[in-house]
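To keep things clear, I will list the structure first and then write my remarks on it.
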Amino acid sequence: MIAIKNLDFGYSRKNLLFKNLDLNLSQGHIYGLLGKNGAGKSTLLHNITGLAYPKGGLCLINGLNSADRPVALLEAMYFIPEEVYMPSLSVVKFIASTACFYPRFSETEFYNYLSEFDVPRESVLDKLSYGQQKKVMIAFGLATNTSLLIMDEPTNGLDIPSKMQFRKLIASVLTEDRCIIISTHQVRDLDSLIDTIVVLHNREIVLNQALDSITEKLYFTTIATDDMRDVLYQEETMRGKNAIVANTGHQYSKVDMELLFNAIINNKTPLINLLNTATI
């Protein structure tokens, strides 16, 4: 689906944000793209979608160079940026002017999604609140039925019930021939949705792994403050320590994505090395 090869990108040649970056993403997955502020998550998404142009290397989507933005690629891809700017159009007029660019767009599905989000179909887009505008763009993106759907911080501006609805809808539209990428800081909003974690840190992809593979290698648990067992990473809480240990006992635990992310950005090399080895 997506093959990034030796990508070099920077806003100046003297200060490259990415150098020789490689990344492969497949259909049938919901990827969570994680990274600190300024790590380059949005820039990476812009390179994938052809909105930014690499200084070296390639970003291919189904074999097509995204920097060339061919029609066959644009109609099979939809990108929802973090900040949305809506035209002064009614929902109906927006659909009439925009849906034609996406051959698999379903008007019926779009209005069903709007109804799920409690957005009136007679709304004028630029009169809606920021959260409501986000819902319209999410509904439209889902209804395009593109093989690639990319969202940058989609839950920003959504209230708690809307976040629950978002998770429900995203889970319902994933198919074997669709790839969904969600860049987010709000890990706990999406921890039940994402099936593969991609971590961008120190200008490189340090992790690109399915949750099932992670749980085979790591065990997430809470230990008492006086427990001296060897841990790969730990954080103090009111109930003791949230910890990550090597899963030598082949036990199952749910991946704590926030804890895992914190461990990675704190340069816990043994943990990263363990994740990048063959399955135990």
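The table below gives the values:
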item: Condition met for Phe105 (at pLDDT 95 or above, more than 23 Å from the chain's Cα centre (by Cα), crowded, with 16+ Cβ neighbours inside 10 Å and of a type in the set (Phe, Trp, Tyr)); result: no
item: Odd one out for Ile214 among (1) within 24 Å of the chain's Cα centre (by Cα); (2) part of a loop (DSSP other than H, G, I, E, B); result: (2)
item: Of all residues in segment 1-55 being of a type in the set (Gly, Ala, Ser) and more than 19 Å from the chain's Cα centre (by Cα), the one that is nearest to Asp195 (Cα to Cα); result: Gly10
item: Looking only at segment 231-280, and only at residues there that are touching a helix residue (DSSP H, G or I) at 6+ places or on another chain (Cβ under 9 Å), small (Gly, Ala, Ser) and farther than 25 Å from Glu204 by Cβ, the one that is surrounded by the fewest Cβ atoms within 10 Å (Cβ to Cβ); result: Ser253
item: Selection within segment 64-80 - of a type in the set (D, E, K, R) and either outside any helix (DSSP H, G or I) or in contact with a Lys or Arg (Cβ under 9 Å, 6 or more places away or on another chain) (or both); result: Arg69, Glu75
item: Selection from segment 121-150 of residues that are of a type in the set (Ser, Thr, Tyr) and assigned to a loop (DSSP other than H, G, I, E, B); result: Ser123, Ser129, Thr144, Thr146, Ser147
item: Residues (in contact with a strand residue (DSSP E or B) (Cβ under 9 Å, 6 or more places away or on another chain) and in contact (Cβ under 8 Å) with a residue 60 or more places away in the chain) located in segment 144-163; result: Thr144, Thr146, Ser147, Leu148, Leu149, Ile150, Met151, Asp152, Glu153, Pro154
item: Candidate set from segment 62-73 (those that are crowded, with 17+ Cβ neighbours inside 10 Å and not small (Gly, Ala, Ser)); member that is farthest from Asn6 (Cα to Cα); result: Leu73
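The values are calculated or read from the model by the stated rules, or taken from the named source; none is laboratory data. On a predicted model such as this, the values are computed, not experimentally measured, just so you know. Neighbour counts are summed over all protein chains in view; Cβ atoms, including those assigned to glycine, are modelled from backbone coordinates with ideal geometry.
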